[in-house]
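The values are calculated or read from the model by the stated rules, or taken from the named source; none is laboratory data. The shown structure was predicted, so the numbers you read here are calculated from the model rather than taken from an experiment. Quick reminder, even Gly has a Cβ in these numbers, built from the backbone with ideal geometry, and neighbours come from all protein chains shown.
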């Protein structure tokens, strides 16, 4: 009798033990996890490759603008810049865990930093060459202080670390194409003649302005090439990333959660909404902030669903975090899928320009729905991470 | 028997995979020091331990904290810019953001080698004045040395920090070393500093619990004041009074190394204008030195660069940063250290406990039992720590007792353990040993403790 009880108890205990570490489930989880990490790495690579292709298109258009400035070449450069935001915006989910984009010598601060020290770059209203009564100086209009403008000189000015002048990257190019955002109902209105070197030009130092624009654009291409190299099949970072799937999964979730809540919902949307301040929008020169919101949200959804729509129209699909969650946490998997759909839809419902949307009542509601959904999404991603045994604070960016 | 052992093994394996859930509010009802901020205590002990909002914020203040956090961290840019909420940097400045010096809301470090520039270590300066209260700014450098400037203006210069180490020993023969700092002002853009200049180095402290300190009633703080040591315990405790720019009169100072700021709001606004060059409704004018014409001529929109709403948010943020819970608070060595801390007399100034009143920025912080380990009063710390520069009622020997909560997590958050007003102490033990003046007797008692007990006391401080 005593033996019997012991026997039953031990069977029971074995069952309990297995319930908490089922061999079969573990191996299925582990192999799915590896596939999820590989899918992610491939999406990162494809997305950066698209961003690079798009940046090269800006480069072509900028070269055309500089060699023959006209309303048409300026418009083409702007269109290419706007187009490039569509692919680059989706890559921002690859930040926030010290990967190639934002490790200690990662290019994020050079590539997409904001806010921009625009008055350090070129004339603004109130400074020397823009008129008014101020003699503030800037790089383009100070040939004696900065005799040469090229990639190296402007990269040097964009110092490293927390103590930085922001003088490079997408927003520098944006400023050089659009000019200051001075009017509430439209983006900046820089005339193409700012680049005319035939004597008809406006605002002095047109050739130097062209050199700056070219250097800033070339730097974007260089930085993206570096990222593609790290993430291509066999690339240094990708190889180590795929060889430690568990810590990589943790990094992936960190990026998703922190972009959702801390960065996008908090920094980029809530702050402007809270202050009703048009000055806090992300792409202020071009009034493209509404697309930044949607592309960021899409990027997160791409990673979650393990799918990426390439700019050539084809779709890449692989094992996803959604699949991985389905194994043990079906409800949370479905909940997250729904929340992400709601976030993207809410972002798409925002009526541009964003700087007006945060001022009118209907618009404020639409913006509120968006950041509320994104905050929830960040919390749910932290919950998902906890299911996998990780913990992070999605507010901490 | 073997089977039983096997079963036990299985059962322990089973228990090991149960979640170990901790009820965070156990003990709050019966005040326990594990939660130094009371309900404004947080449980994250990671590198973000100093960066959380108090969990008990209500009325949308938890969201407004997000905006405050953003402006605390963002870099300010040169004016004018399209992001006009964020422009107005300089003309002269120490840093481009609050977070540059208070990294992760934590404590700054002095330069780690003599070639590194000072960032989180700033230098107040003034010249002797006949008039009490007056801090006479230098004609060329003003009241604070700013190593950086906007493009187009000559920078004020750099400070090279060097240290001389000296060796000492405890009565039991164990030796210790302290490093004495020297500050050389170099590459000066506006000529040499006058011979009578008085210079006070100040490091950026970690920020947790400011709103709780603001909520302590003035009466309770003044209870411990004993400026002329009438009770003959060797400890004075002097209140500083600072000009309150909101009430337009002098009120009790609580914040800053010399207790020269009365409120979190004014501390924040003063740091904005003094350290980043951002004017506000409280401090509408750039702090240009009398002879810094370039500073006066720099672009100026004629209105405060910091909107009232942003000042509100950053003030809320700074006040609402929660205090992390203590670690190892119930370990025997820590409890022994806590007893010794009281026995040798550390807590005459590092007052352990207050119950907050109903004042300050954050209504949720009222009537809270807190354990900050400060009396917020000025004490003579002796000639070796003296900056020899008066600041309000504080003389050149006096410093405010800094709160000790969070001190043991600086290593985790900021990756260093530099302490005291200028970061000269390389850890808690050195910081204790630097204490002089009113604390001399206490330090004599500390040094006489056996090594094991000294370690306990240090471990106790580390657990705060």
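Numbers for the structure displayed
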item	result
Answer residue from segment B:80-89, given it is surrounded by 24 or more Cβ atoms within 10 Å (Cβ to Cβ) and more than 7 Å from chain A (Cβ to nearest Cβ) and is nearest to the chain's Cα centre (by Cα) among those	B:89
So residue B:200, is it farther than 24 Å from residue B:257 by Cα, under 29 Å from the mean Cα position of the chain (by Cα) and either in contact (Cβ under 8 Å) with a residue 60 or more places away in the chain or within 14 Å of chain A (Cβ to nearest Cβ) (or both)	no
Hits in segment A:272-301 (condition: facing chain B (nearest Cβ under 7 Å), within 21 Å of residue A:397 (Cα to Cα) and buried (at least 24 other Cβ atoms within 10 Å of the Cβ))	A:280
All positions within segment A:74-110 that are within 20 Å of residue A:214 (Cα to Cα), at pLDDT below 95 and touching a helix residue (DSSP H, G or I) at 6+ places or on another chain (Cβ under 7 Å)	A:107, A:110
Residue tally, condition out of contact with any strand residue (DSSP E or B) (no Cβ under 8 Å at 6 or more places or on another chain) and assigned to a loop (DSSP other than H, G, I, E, B), over segment B:291-308	10
Checking residue A:83 against (1) more than 14 Å from chain B (Cβ to nearest Cβ); (2) surrounded by fewer than 19 Cβ atoms within 10 Å (Cβ to Cβ); (3) over 16 Å from the mean Cα position of the chain (by Cα), the condition it does not meet	(3)
Test: residue in segment A:2-22 that is away from every other protein chain (no Cβ under 14 Å), under 30 Å from residue A:255 (Cβ atoms) and either modelled with pLDDT under 95 or not in a loop (DSSP other than H, G, I, E, B) (or both)	no
From the options A:116, A:176, A:120, residue that is at pLDDT below 85 and either more than 10 Å from every other protein chain (Cβ to nearest Cβ) or not in a loop (DSSP other than H, G, I, E, B) (or both)	A:120
Filtered residues of segment B:200-222 (kept if crowded, with 18+ Cβ neighbours inside 10 Å and outside any helix (DSSP H, G or I))	B:200, B:201, B:202, B:203, B:204, B:205, B:206, B:207, B:208, B:209, B:215, B:216
Only listed residue being at pLDDT 95 or above and part of a helix (DSSP H, G or I), chosen from B:336, B:318	B:318
Any hit, segment B:64-74, residues being within 9 Å of chain A (Cβ to nearest Cβ) and over 16 Å from residue B:318 (Cβ atoms)	no
Selection within segment A:252-268 - modelled with pLDDT of 95 or more and within 11 Å of chain B (Cβ to nearest Cβ)	A:261, A:265
Residues within segment B:166-189 that are more than 29 Å from the chain's Cα centre (by Cα) and within 19 Å of residue B:275 (Cα to Cα), tallied	1
Members of segment A:379-396 that are within 13 Å of chain B (Cβ to nearest Cβ) and surrounded by 20 or more Cβ atoms within 10 Å (Cβ to Cβ)	A:382, A:392, A:394, A:395
Scan of segment A:241-252 for residues that are closer than 15 Å to residue A:92 by Cβ and surrounded by fewer than 24 Cβ atoms within 10 Å (Cβ to Cβ), ordered by number	A:251
Residues that are at pLDDT 95 or above and surrounded by 20 or more Cβ atoms within 10 Å (Cβ to Cβ), drawn from segment B:403-413	B:403, B:404, B:405, B:406, B:407, B:408, B:409, B:410
Verdict on residue A:304 being buried (at least 17 other Cβ atoms within 10 Å of the Cβ) and at pLDDT below 95	no
Any hit, segment A:154-171, residues being surrounded by fewer than 22 Cβ atoms within 10 Å (Cβ to Cβ), modelled with pLDDT of 85 or more, more than 9 Å from chain B (Cβ to nearest Cβ) and in a helix (DSSP H, G or I)	yes
Among (1) farther than 24 Å from residue A:297 by Cα; (2) assigned to a helix (DSSP H, G or I); (3) touching a residue at least 60 places away in the same chain (Cβ under 8 Å) - the single one residue A:60 does not satisfy	(3)
Residue match in segment B:223-237 (condition: closer than 29 Å to residue B:122 by Cβ, at pLDDT 90 or above and either under 14 Å from the mean Cα position of the chain (by Cα) or surrounded by 22 or more Cβ atoms within 10 Å (Cβ to Cβ) (or both))	yes
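Table: residues versus (1) away from every other protein chain (no Cβ under 14 Å); (2) surrounded by 13 or more Cβ atoms within 10 Å (Cβ to Cβ); (3) within 26 Å of the chain's Cα centre (by Cα).
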| site | (1), (2), (3) |
| --- | --- |
| B:93 | no, yes, yes |
| B:102 | no, yes, yes |
| B:129 | yes, no, no |
| B:133 | yes, no, yes |
| B:143 | yes, yes, yes |
| B:152 | no, yes, no |
| B:156 | yes, yes, yes |
| B:161 | yes, yes, yes |
| B:164 | yes, no, yes |
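Per-residue answers, yes or no, for (1) touching a strand residue (DSSP E or B) at 6+ places or on another chain (Cβ under 9 Å); (2) without any contact (Cβ under 8 Å) to a residue 60 or more places away in the chain; (3) assigned to a loop (DSSP other than H, G, I, E, B); (4) farther than 23 Å from residue B:298 by Cα:
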site	(1), (2), (3), (4)
B:100	no, yes, no, yes
B:116	yes, yes, yes, yes
B:119	no, yes, yes, yes
B:133	yes, no, yes, yes
